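Below is one structure, written out as structure tokens, with a few remarks after it.
The values are calculated or read from the model by the stated rules, or taken from the named source; none is laboratory data. None of these values were measured; they are calculated from a predicted model. Counting neighbours? That spans all protein chains shown, and the Cβs are built from the backbone with ideal geometry, glycine included. The area values use the complete protein model at the heavy-atom level, side chains included, leaving out ligands, DNA and RNA. Shrake-Rupley method; radii C 1.70, N 1.55, O 1.52, S 1.80 Å.
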Amino acid sequence: ENGGTCTVTGTSPFDFICDCVHWISGETCNQPVPIITPNDYYFTHTPIDVTGKDFFTFDVQACHDGHVQLSKTAGNLDVDTYEILLQGWDSTTKTSAIRDERQGSLKVSHNEQIVFCDATTSFWISWADGYIEVGKGHVYGTDTFLQWDDPSPHSVNAVQFTTGFGVTGTWTVML
């Protein structure tokens, strides 16, 4: 009836997991939900379940250092995880990358300003069969700027977001 179900997992307005057809949302799963990430590089919000999916889209506003974790096991950021870095290190370096572990070595990188302090930018991320791709906009498969084929792929069942290293972020996630 409402396009999906959500389960409250804590006391914060952002502590829930949703299984929605098109959107992640509060109780009715019919609107996108913002995630506010503090300046601490801890993935503090409840993981978002993406089991059975192979991509999602999102918007972010952050000066630099937006991090997206794609994990096999919800909440486990240290094993079987990919990290997408959106414009790391500071706003002058402008390096985005795919890593095969949290804070791991860069598997592929791209240098361009893609996130902004005063504007929201849209992206999509996919992970089908261990082929990790990141692109600009909400149209999956277009304007790709990062691609990496994992030689030892793992499934992705949960995503989380964070910022840090001097910045906060506002994210809006859509499945």
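Using the Cβ atoms and a cut-off under 11 Å, what net charge is assigned to the surroundings of Phe123, where Lys and Arg are +1 and Asp and Glu are -1?
Result for the neighbourhood of Phe123: -2.
List the lysines whose alpha-carbon lies under 17 Å from that of Lys94, not counting same-chain residues fewer than 8 positions away?
Lys107, Lys136
Kirkwood hydrodynamic radius of segment 60-114 from all distinct Cα pairs, in Å?
Evaluated on segment 60-114, it is 11.4 Å.
Calculate, in nm to one decimal, what Thr144 and Asp54 gain on full extension: separation in residues at 0.36 nm each, minus their alpha carbon distance.
Result for the pair: 30.9 nm of gain on full extension.
In angstroms, what radius of gyration and Dmax does segment 39-175 have, counting Cα atoms only?
Considering segment 39-175 through its Cα atoms, Rg and Dmax are 13.3, 38 Å.
Can you tell me the order of 132-143, 110-121 when each peptide is scored by its average per-residue count of other Cβ atoms within 10 angstrom, highest first? List each step's numbers first, then the result.
Values: 132-143: 15.7, 110-121: 13.8.
Highest-to-lowest ranking by the protection proxy: 132-143, 110-121.
Give, as a single signed number, the net charge of other residues whose beta carbon lies under 14 Å from the beta carbon of Thr144, with Lys and Arg counted +1 and Asp and Glu -1.
Local net charge: -3.
How would you order 61-69, 95-103, 82-90 from highest to lowest mean count of nearby Cβ atoms within 10 Å?
Answer by packing, highest mean first, reads 61-69, 82-90, 95-103.
Need the full-extension length gain, Gln103 to Lys72, defined as separation in residues times 0.36 nm minus the C-alpha distance. One decimal, nm. Write down the numbers at each step before the final one.
Details: separation 31, 0.36 × 31 = 11.16 nm, distance 1.66 nm.
Contour length minus the Cα-Cα distance gives 9.5 nm.
How much accessible area does Phe56 have with a 1.4 Å probe, in Å² rounded to the nearest 10?
Estimated to the nearest 10 Å², Phe56 gives 0 Å².
Give me, ordered by chain and number, the residues 5 or more places off Glu101 or on other chains with an amide H under 5 Å from its own placed amide H.
For Glu101, whose amide H was placed from the backbone, the distant partners under 5 Å are Glu83.
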